[in-house]
Amino acid sequence: MAEVDWVAVARSLAPRFAARAARHDREGSFPFENFAELRAAGVLSMTVPRAFGGGAASLADFLRLQEEIARGDGSTALALMMHLKTFGQERESPSFPPEWLERIARGAVEHGWLVNSVATEEGLGSPAGGGLPATAALRVEGGWEIDGRKTFTTLAPLLHYFVVLARVDQPDGAASQLANFVLLRDDPGLRVEETWDSLGMRATGSHDLVLEHVRVPADRFLNNRGAGSFGARGAAGMVWFALGVAATTIGVATAARDYAVAYARERTPTSQRTIREYPGVRTRIARVDLLLQRSRALLWDAARAWEERSPEGMAPVDRVVVAKIDTLNNCVEAVDLAMRVVGGVSLQRSRPIERYFRDVRAGLHNPPLEDRALETLARAALDDPASNTG
Ligand SMILES: Cc1cc2nc3c(=O)[nH]c(=O)nc-3n(C[C@H](O)[C@H](O)[C@H](O)COP(=O)(O)OP(=O)(O)OC[C@H]3O[C@@H](n4cnc5c(N)ncnc54)[C@H](O)[C@@H]3O)c2cc1C
């Protein structure tokens with residue numbers, strides 16, 4: 001397969017997504033048309049292994065594409081990221097049985113079918129906190145029966161493969177395990193309840209998934225692990241996800257920056273100077289660019305350190321965590337500054353900057369989360385005598 005210029009592909013799609021973004025945001029509707037166009041452009045299989053007909057795009061290409069798509073529409077980019085990262089993670093650190101990886105991969109290549117992890121629950125919060133899900137998988141004759149309710153099921157309106165995290169209680173009082181099962185859209189007992197009505201990323205379709213006596217054959221079991229341990233894919237799972245969130249967020253903040261710059265160049269209140277001449281406006285725009293440049297530098301440093309498994313300085317996986325946390329904080333601040341440049345009209349729902357202000361915050365609540373990440377760094381610095389890599 002010839003090398004694809006994924007940035008060019010994303011730049012051709014992003015303006016079309018931007019034109020639809022306000023409507024989907026207002027309605028909370030899912031951008032099916034965007035995903036049809038992503039499929040036609042080959043994006044839905046860009047990270048799929050080559051062996052199954054995919055593009056096997058690198059981590060760097062994936063991140064560049066995410067940023068560009070997010071400049072058009074943050075919701076489309078975040079939802080797309082959830083699907084694309086699955087194959088990047090599996091290429092680096094396989095956790096699915098090979099026959100399921102092939103089936104899911106070929107589904108993406110041949111039909112544009114989407115996959116995502118469905119882990120979070122109302123009572124559990126993020127499983128990264130170490131808790132056990134209430135969703136339970138029970139061994140029954142010939143397979144499993146799964147019951148539960150999941151929240152934040154991004155891409156729910158279009159998902160074909162739901163990778164569902166459930167508890168599997170063990171006999172004789174042994175500790176319960178966490179297991180992933182692949183469920184299919186037409187499995188009896190599986191339904192999506194359209195509950196997603198959020199402040200930001202409103203067009204991601206992150207609804208509830210309801211599972212009532214869903215009976216599946218034994219081969220739907222993908223993997224398992226002990227509660228509280230790292231995800232089944234280890235650090236590779238975290239890296240593609242965390243940097244994907246960071247790149248998406250940089251894209252949203254860059255769209256806000258571009259809006260504020262264009263506005264400042266044009267806006268000339270009656271009988272006055274163009275606002276770009278005011279020192280306060282100039283300083284704020286400069287600070288926005290500083291924050292965005294710092295975010296990109298951290299993102300690319302972390303991606304490079306991870307790809308090279310760099311032995312220098314802070315461990316690559318910790319650099320990824322730092323990049324995600326700092327990028328999110330920088331981008332939230334950058335959009336806040338851009339809003340102040342635009343002034344009072346930045347609050348108008350008719351202007352896209354109002355949407356950027358809401359969308360940019362969402363990644364704060366995707367793992368790795370700040371408190372847990374800071375504790376991990378503190379532990380490495382303070383409690384691990386072998387570590388002196390800060
Ligand atoms: C737009 C969007 C899309 C999403 N898509 C998906 C998806 O597709 N699939 C999916 O499974 N999930 C998804 N999520 C859910 C997300 O990954 C989190 O699980 C969810 O936001 C809840 O996590 P939380 O940490 O805020 O909640 P909680 O775990 O309830 O935590 C609440 C607060 O307590 C703190 N806290 C909790 N435990 C600890 C601890 N052990 N140590 C220190 N502090 C702690 C947290 O930092 C947080 O501040 C999505 C979230 C968003 C916002």
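The values are calculated or read from the model by the stated rules, or taken from the named source; none is laboratory data. Quick caveat: nothing in here was measured; it's all calculated off a predicted structure. Quick reminder, even Gly has a Cβ in these numbers, built from the backbone with ideal geometry, and neighbours come from all protein chains shown.
Data overview
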item: Residue identified as modelled with pLDDT of 95 or more and surrounded by 15 or more Cβ atoms within 10 Å (Cβ to Cβ) among Ala380, Ala334; result: Ala334
item: Options Ala56, Ala18: the member that is within 23 Å of Ala236 (Cα to Cα) and either within 19 Å of the chain's Cα centre (by Cα) or at pLDDT below 95 (or both); result: Ala56
item: Meets criteria (assigned to a helix (DSSP H, G or I) and exposed (fewer than 14 other Cβ atoms within 10 Å of the Cβ)) for Gly344; result: yes
item: Condition broken by Arg71, with the remaining ones in (1) in contact (Cβ under 8 Å) with a residue 40 or more places away in the chain; (2) within 16 Å of the ligand (Cβ to nearest atom); (3) crowded, with 20+ Cβ neighbours inside 10 Å satisfied; result: (2)
item: Restricting region 167-188 to residues that are of a type outside the set (Asp, Glu) and within 20 Å of Leu114 (Cα to Cα), the residue that is farthest from the ligand (Cβ to nearest atom); result: Pro188
item: Verdict on Ala305 being over 24 Å from Leu199 (Cα atoms), more than 16 Å from the ligand (Cβ to nearest atom), small (Gly, Ala, Ser) and assigned to a helix (DSSP H, G or I); result: yes
item: Selection within region 114-129 - near the ligand (Cβ under 6 Å from one of its atoms) and either loosely packed, with under 15 Cβ neighbours inside 10 Å or not polar (S, T, N, Q) (or both); result: Val118, Ala119, Gly125, Gly129
item: Options Arg149, Arg139; residue that is touching a residue at least 60 places away in the same chain (Cβ under 8 Å), more than 8 Å from the ligand (Cβ to nearest atom) and farther than 23 Å from Glu33 by Cα; result: Arg149
item: Residue check for Leu132: assigned to a loop (DSSP other than H, G, I, E, B), closer than 20 Å to Leu209 by Cα and not assigned by TED's automatic domain parsing to the domain that holds Arg257; result: yes
item: Within region 360-374, tally of residues that are charged (D, E, K, R) and within 6 Å of the ligand (Cβ to nearest atom); result: 2
item: Residue, farthest from Leu243 (Cα to Cα), within region 262-312, restricted to residues that are of a type in the set (Val, Ile, Thr) and crowded, with 16+ Cβ neighbours inside 10 Å; result: Ile275
